[in-house]
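> After the structure tokens below, expect a handful of questions from me.
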There are 2 protein chains.
Amino acid sequence: MAKRMGENTIKFSTPPKLIAGYSIVGPKEGQSPLAKYFDYILKCDRFNEKTYELAERKMLEQAISGAIDKANVLATDINLLLSGDLLNQIISASFCARQLQTAFIGVFGACSTMTESLALGACLIDGECADRVACATCSHFSTAERQFRFPLELGCQRPPTSQWTVTGAGCSILAREGEGHKITHAIFGKVIDLGINDMNNMGAAMAPAAADTLKNFFVDTKSKPSDFDLIATGDLGKLGSEIFIDLMENFGYKMAENYADCGQMVYSSKQKSFMGGSGCGCSASIMNSYILSKLDSGEYKKVILMSTGALVSTTSTQQGESIPGVAHAVVVEKGR
Amino acid sequence: MAKRMGENTIKFSTPPKLIAGYSIVGPKEGQSPLAKYFDYILKCDRFNEKTYELAERKMLEQAISGAIDKANVLATDINLLLSGDLLNQIISASFCARQLQTAFIGVFGACSTMTESLALGACLIDGECADRVACATCSHFSTAERQFRFPLELGCQRPPTSQWTVTGAGCSILAREGEGHKITHAIFGKVIDLGINDMNNMGAAMAPAAADTLKNFFVDTKSKPSDFDLIATGDLGKLGSEIFIDLMENFGYKMAENYADCGQMVYSSKQKSFMGGSGCGCSASIMNSYILSKLDSGEYKKVILMSTGALVSTTSTQQGESIPGVAHAVVVEKGR
């Protein structure tokens, strides 16, 4: 049964298990230092499809079916699919759900979708509303770029604070029974907006929300950064991470070497990606490859994953709005 | 504790309570036969704001604060806001959450958002992940029209199968303790697509999903249409409802006079709205006004609300995709 701790944190007394994860990434991500951890690397970012949107959807489909396969269950054993993505009206997730024929809960948290779906899925399993759920998300550089910024054909110059949307997808299967790592805590974040309005500086827009969520978690659970082997944010990027570390220090928490940002891990410094990776697929693919593998090997025993989202649309930007951020987190403990 | 019944239905043994609801609608909806049930009717659909998007957001804000006020709790007593809307990247809900300073779970189910958030909220309360949640959504004719179809200034002719997006918002407060109507069951629907690809015939696109969800609910719970005082679909409209009734008959269930569609209830036959109302705000405003009031008075004792969503974006339509539908349902029993 779940127990609310402090103001915001949810603790699961019988933690739901993360029984399998699958990751798939594009060719650029396949050249990253973490390449060997990914389950599948695309040769071409069109994935033999007519449009980038179809390629993105196909990655999500493969992530979900791959994770179901690794979990050694049938697709019909999955009670719910919790999924969302960056595209307008989350079409990647919705059209993917059409194929899967599982009840579908569409979520939207921009790049925070991986932990939004993991946290929600864990709550639903803990409350016995579901036995097994699939939590999945994806993003694609080319669909995001042309939807949020400029047509690819324009070849616009990218400002130094920009991040590179990860082409990738990840899916985790959560279950009440079975062998797997334990989701022990979840925390849903507040929407925080300190007034950043630059679509090419998402890290700065998301950092305040990330700091708020993590600070609340530490206060609620009376824990501290050194209690964890890894604290991973979603896609703050280089600049966003620095702001996040500063904000945490203001709250009295010193982030040390166990802190990492998936956005900075996903590309090497030689790959031109400015501040690093971003997109729903960033933390989704890193969680379901590198982090899972380190939990499997025992190098990590206790991990906080906190995906971060910038809640922005082209309409809100064109109407002069600033960019609010949100960050949801889960604690994963080694369990197999 | 929740119990899974059959394949899809969730039964709450200690049902979460719907302790308050608030509805707000635009001027056109204010001329409907149900006008006296709404809490607030706008005089102007711009709601004194510079843009229609800001007006939509302001309606949602008023619905949420109105419902919190009616529930006689403080905003800080609300643990979670579950909300989404039709706009790209659900900006109405996200920006609204920024004001409220409550943890935020962004959901997307197109026009099925009201029951998606009610069903999820009930699961979270039942599982003790939250004590009190706000479930809210909104839509606006002018923001939806210009995002999904044509600029308003074009004055395009509307085809006879089209529906009119409701300008309105609704919010329900769910709680574990307190006096209120009981959410006894929830069912999340599958994404169903029978190949409709006409953006102006949403009812036909959503009817198969609605029939699938309701049929599954009846099978899972061994119940039948006559067990309920009202079975309300979200916004199938006139044509969609007829298709839905046909499909239900094929499944062996005869829908009778206790069946109604919020999309057909929201406008009088004299108001030019073709097949009827649609949009997230349609079932949200009817649920939190007319239906709640009939539960209060005792005229209804047991109600199924099933909002229906068409999972479509302009990109998916332009790329030649058909329109998948989804429908989530909750059972509400008189409890005060």
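> B:Pro160 passes all but one of (1) modelled with pLDDT of 95 or more; (2) farther than 19 Å from A:Gln101 by Cα; which number fails?
Condition not satisfied by B:Pro160: (1).
> Restricting to the stretch A:190-204, and then to whatever is of a type in the set (A, V, I, L, M) and in a loop (DSSP other than H, G, I, E, B), can you tell me which residue is least open to solvent (accessible area, probe 1.4 Å)?
Checking each candidate, the answer is A:Val191.
> Among the candidates A:Ala93, A:Ala103, A:Ala119, A:Ala97, single out the residue that is within 14 Å of the chain's Cα centre (by Cα) and at pLDDT 95 or above.
The match here is A:Ala119.
> Given (1) closer than 19 Å to A:Ile125 by Cα; (2) outside any strand (DSSP E or B); (3) not basic (Lys, Arg), where does A:Pro27 come up short, assuming only one miss?
Of everything listed in (1) closer than 19 Å to A:Ile125 by Cα; (2) outside any strand (DSSP E or B); (3) not basic (Lys, Arg), A:Pro27 misses just condition (1).
> Name, by its number, the condition in (1) touching a strand residue (DSSP E or B) at 6+ places or on another chain (Cβ under 7 Å); (2) surrounded by fewer than 24 Cβ atoms within 10 Å (Cβ to Cβ) that does not hold for A:Thr113.
A:Thr113 satisfies all of (1) touching a strand residue (DSSP E or B) at 6+ places or on another chain (Cβ under 7 Å); (2) surrounded by fewer than 24 Cβ atoms within 10 Å (Cβ to Cβ) except (2).
> Further question on the same structure: Consider the stretch A:92-109. How many of its residues are in contact with a Leu (Cβ under 7 Å, 6 or more places away or on another chain) and at the interface with chain B (Cβ under 7 Å from one of its Cβ atoms)?
7
> Could you please give the count of residues in the stretch B:119-132 that are in a helix (DSSP H, G or I) and either out of contact with any helix residue (DSSP H, G or I) (no Cβ under 8 Å at 6 or more places or on another chain) or of a type in the set (Phe, Trp, Tyr) (or both)?
5
Okay, residues lined up against (1) among the polar types (S, T, N, Q); (2) open to solvent by less than 30 Å² (accessible area, probe 1.4 Å):
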residue: A:Gly155; (1), (2): no, no
residue: A:Ser172; (1), (2): yes, yes
residue: A:Glu179; (1), (2): no, no
residue: A:Phe188; (1), (2): no, yes
residue: A:Ala207; (1), (2): no, yes
residue: A:Val219; (1), (2): no, no
residue: A:Lys222; (1), (2): no, no
residue: A:Ser241; (1), (2): yes, yes
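> Among the residues that make up the stretch B:44-59, is at least one of them among the β-branched types (Val, Ile, Thr), more than 21 Å from the chain's Cα centre (by Cα) and surrounded by fewer than 19 Cβ atoms within 10 Å (Cβ to Cβ)?
Yes, the stretch B:44-59 contains at least one residue that is among the β-branched types (Val, Ile, Thr), more than 21 Å from the chain's Cα centre (by Cα) and surrounded by fewer than 19 Cβ atoms within 10 Å (Cβ to Cβ).
> Looking at B:Ile64, B:Ile68, which one is surrounded by fewer than 24 Cβ atoms within 10 Å (Cβ to Cβ), modelled with pLDDT of 95 or more, in a helix (DSSP H, G or I) and more than 8 Å from every other protein chain (Cβ to nearest Cβ)?
B:Ile68
> Could you please give the count of residues in the stretch A:73-95 that are without any contact (Cβ under 8 Å) to a residue 40 or more places away in the chain and of a type outside the set (Gly, Ala, Ser)?
Of the residues in the stretch A:73-95, 6 are without any contact (Cβ under 8 Å) to a residue 40 or more places away in the chain and of a type outside the set (Gly, Ala, Ser).
> Any idea which of B:Ile323, B:Ile291 is in contact with a helix residue (DSSP H, G or I) (Cβ under 7 Å, 6 or more places away or on another chain) and modelled with pLDDT of 95 or more? Let's see the steps before the verdict.
Numbers: B:Ile291 fails: in contact with a helix residue (DSSP H, G or I) (Cβ under 7 Å, 6 or more places away or on another chain).
Only one candidate passes the filter, namely B:Ile323.
> Test of understanding: among B:Met255, B:Met206, which residue is within 19 Å of B:Lys302 (Cα to Cα), at pLDDT 95 or above and not basic (Lys, Arg)?
B:Met255
The values are calculated or read from the model by the stated rules, or taken from the named source; none is laboratory data. Keep in mind that what you see is a predicted model, and the values were worked out from it rather than measured. FYI the Cβ positions are ideal-geometry reconstructions off the backbone, even for glycines, and counts take in every protein chain you see. Ligands, DNA and RNA are excluded from the accessible area calculation, which covers all protein heavy atoms including side chains. Shrake-Rupley method; radii C 1.70, N 1.55, O 1.52, S 1.80 Å.
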